[in-house]
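Take a look at the structure below.
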Amino acid sequence: MNEDALKETIVSLKGIGDKTAKLFEKCGIMYVGDLLQYYPRTYDAFEDTVNVADAKVGEICAVRCAIVGNMMSRHVRNLAILVFDGADVTGRIRFTYFNMPYLRSSLKPGRYYVFRGMLNKKGNSLVMEQAKIYKDEEYALLVHTMQPRYPLIKGMTNHMFIKAMQQALADAVYLKDPIPEDIRQEMKLPEYCEAVRRIHFPSSISEFEQARRRLSFDEFFEFICKLRMMKAAEDETVNEAVMLEVADTKRLLEELPYDLTNAQQKVWKEIQDDLSGPHIMNRLIQGDVGSGKTILAFLALLMTAANGYQGAMMAPTEVLARQHYESMTELTRKYHLPLKPVLLTGALSVKEKREIRDMIRVGAYNCMIGTNALIQDPVEYKNLALVITDEQHRFGVRQRGRLAEKGNQTHVLAMSATPIPRTLAIILYGDLHISILNELPAGRVPIKNCVVGTEYRPTAYKFIASEVSRGHQAYVICPMIEEGEMDGVENVTDYAEKLREALPEQVQVGVLHGRMKPAVKDQLMAEFADRQIDVLVSTTVIEVGINVPNATVMLIENAEHFGLAQLHQLRGRVGRGKNQSYCIFVNTSEKEEAGKRLEIMNHSNDGFQIAEEDLKQRGPGDLFGIRQSGDLNFQIGDIYRDADLLKEAANRADRLLKEDPALQDASHAALREAVVERGLKAVDFKTL
């Protein structure tokens, strides 16, 4: 056996046939090496059972209780609800289960079982919903272990992943270590193959943290090496599309019904200087939601078109691309601009795409707006000089580069509403010059915030119903997609049913999550934008890529599990219209520190201030919390929790590249393969 074992297809593993292999392939796993790098989403850390009186509200715990009294069942629409009490000598808990009627016949009154789940309080009663149930001997085998929980798709089980992973780990020894040995020793990091073993099956929290730290460092280090090498190659690239100031941009600014803020004026000058300067532009506009990034992008596209070049703007979703296109078309018509915009997305027919591509190639369109379709191989541009990416961290380095390569030494303007502290932004956006928009246009109505406990839910549902009756819409955010992915947190599948039960029958409730096909997600977001859906129950997949000014309520469940910056991103989905908007953070923890963190959201709408507070407060935190899908989507690393590690990676990457700029030294061969030859993985993974 040798490293070729990692290149074997996963059907080489016992128990995986062609049908199962296709399911793994949908998760991006084709080879044994791919499987080893498919890390757990979270873990079940099984602790000893506790007495009911000692169990802490707001925490996951295991209690050994006997079923007492009668089991009560009822049906509400399509929802079957089973309720019963369990007790030990110290207290009583009420257990509730949804759509699990078989429990009535499988559980025996008077018998003891171990119930494990999130303990909450309703009034004076202790309650658990959807608690896992174990017999004594079953739970005894799990105590003091950490069981991995993998991201799953329909048709797969966690058990399937565990069995396959246990076999694949025999080949982990052949994994090449990309981190030079001297750096690994300095950082006191475990060997790469050992870290991979430990991240899948840690024997303790300490072992897990060592592995997570090592693999996070790898992600940061490889990412920064790639950025630094790109920047070195691009910084001195001569601007072959030097642009002149044009009357069209000045006229548009004079005719717009509002004035640019001071921050917008400063950034617009920086963009103009770049486009007319000696070197190509590589700039990031980092601005809070609603700070006016889009009009600056449109001005840059207008300046490009007026100079006789083509410009392209890529958005992360078809819905957002369409919204940008409609706004651009309206500006062009209203102010008689020399723009010829076109929309290119995957939803168009083959014939429509071919006709649009033909027109782009001959220069009939000078402003292309779209999704990934803009970077597909068949698309050829006549004289592409400017590339703009909206929410650029959603695309990753390679995708942004592929669009830029469609032109000749193309200017790049990236935009992001993700509030990241400047100290981290300088590292993470190392290939870009950064412009900051730190003030909002006049006239925006501040969002009203409130942090509440679980007992407030009925009131929140009534408030949502009231807003819908006034013609408005609402978002409800849940951390998970379906029951069982993580104990003690809400999931969109069950929550949507609860809402349909709680809200008036005429209220249309929709469900959205990251496992849906892109076309289905875009269709649902389009229906929400068109007011066909009143309340959208979603995971964090909506934090980027939908603009619905009519939405006035954002309710975020289990808010304590999220980073502050991500909560701010989610909140940014409302407050986009002229009506007063509201954000309700449901805190399901009774821990004092959770309440203190959320109070920051209660008192501030400033994304940059919140990001700085997030950086101060995140710390190691909850090792098994929900990963922060909005903050530059590293697979394991968290830029807030691991800020010190990120800075260490940047320092060591800079030192290494100063000594060996092209990674040509033999001791850097594995790193070169990871960063240069194999190419950096796009910083983009399957979000919830």
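The values are calculated or read from the model by the stated rules, or taken from the named source; none is laboratory data. These numbers were taken from a predicted model, which means no experiment stands behind them. When we count neighbours, we look across all protein chains shown, and the Cβ atoms used for this are built from the backbone with ideal geometry, even at glycine.
Of the residues in segment 170-185, none is outside the structural domain of Pro479 (by TED's automatic domain parsing) and under 27 Å from Arg116 (Cα atoms). For segment 375-408, the set of residues classified as at pLDDT 85 or above, touching a helix residue (DSSP H, G or I) at 6+ places or on another chain (Cβ under 7 Å) and of a type in the set (A, V, I, L, M) consists of Val379, Ala385, Leu386, Val387, Ile388, listed by residue number. Determine whether segment 229-244 contains at least one residue that is acidic (Asp, Glu), at pLDDT below 95 and under 26 Å from Pro338 (Cβ atoms). Scanning segment 229-244 turns up at least one residue that is acidic (Asp, Glu), at pLDDT below 95 and under 26 Å from Pro338 (Cβ atoms).
Conditions tested, residue by residue: (1) crowded, with 22+ Cβ neighbours inside 10 Å; (2) assigned to a helix (DSSP H, G or I); (3) touching a Cys at 6+ places or on another chain (Cβ under 8 Å).
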residue	(1), (2), (3)
Gly510	no, no, no
Lys521	yes, yes, no
Met525	yes, yes, no
Ile542	yes, yes, no
Asn547	no, no, no
Gln566	yes, yes, no
Gly577	no, no, no
Glu599	no, yes, no
Asn605	no, no, no
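Among the residues of segment 296-314, not a single one is under 25 Å from the mean Cα position of the chain (by Cα), hydroxyl-bearing (Ser, Thr, Tyr) and crowded, with 23+ Cβ neighbours inside 10 Å. Being modelled with pLDDT under 80 and outside any helix (DSSP H, G or I), is that true of even one residue in segment 350-364? No; the residues of segment 350-364 include none that is modelled with pLDDT under 80 and outside any helix (DSSP H, G or I). I'd like the full set of residues that are buried (at least 16 other Cβ atoms within 10 Å of the Cβ) and modelled with pLDDT of 90 or more, limited to segment 580-597. Those that are buried (at least 16 other Cβ atoms within 10 Å of the Cβ) and modelled with pLDDT of 90 or more: Ser581, Tyr582, Cys583, Ile584, Phe585, Val586, Asn587.
Among the residues of segment 74-120, those identified as within 13 Å of Arg64 (Cα to Cα), touching a residue at least 40 places away in the same chain (Cβ under 8 Å) and either not charged (D, E, K, R) or not in a strand (DSSP E or B) (or both) are Gly91, Ile93, Gly110, Arg111, Tyr112, Tyr113, Val114, Phe115, Gly117.
Yes or no, residue by residue, for (1) in contact with a Lys or Arg (Cβ under 8 Å, 6 or more places away or on another chain); (2) touching a residue at least 12 places away in the same chain (Cβ under 8 Å):
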site: Lys293; (1), (2): no, yes
site: Ala300; (1), (2): no, yes
site: Asn307; (1), (2): no, yes
site: Ala312; (1), (2): yes, yes
site: Leu331; (1), (2): no, yes
site: Val350; (1), (2): no, no
site: Asn366; (1), (2): yes, yes
site: Asn372; (1), (2): no, yes
site: Gln376; (1), (2): no, no
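Among the residues here, Thr332 does not qualify as surrounded by 21 or more Cβ atoms within 10 Å (Cβ to Cβ) and β-branched (Val, Ile, Thr).
For segment 121-138, filtering for residues that are exposed (fewer than 14 other Cβ atoms within 10 Å of the Cβ) and either hydrophobic (A, V, I, L, M, F, W, C) or in a strand (DSSP E or B) (or both) leaves 2.
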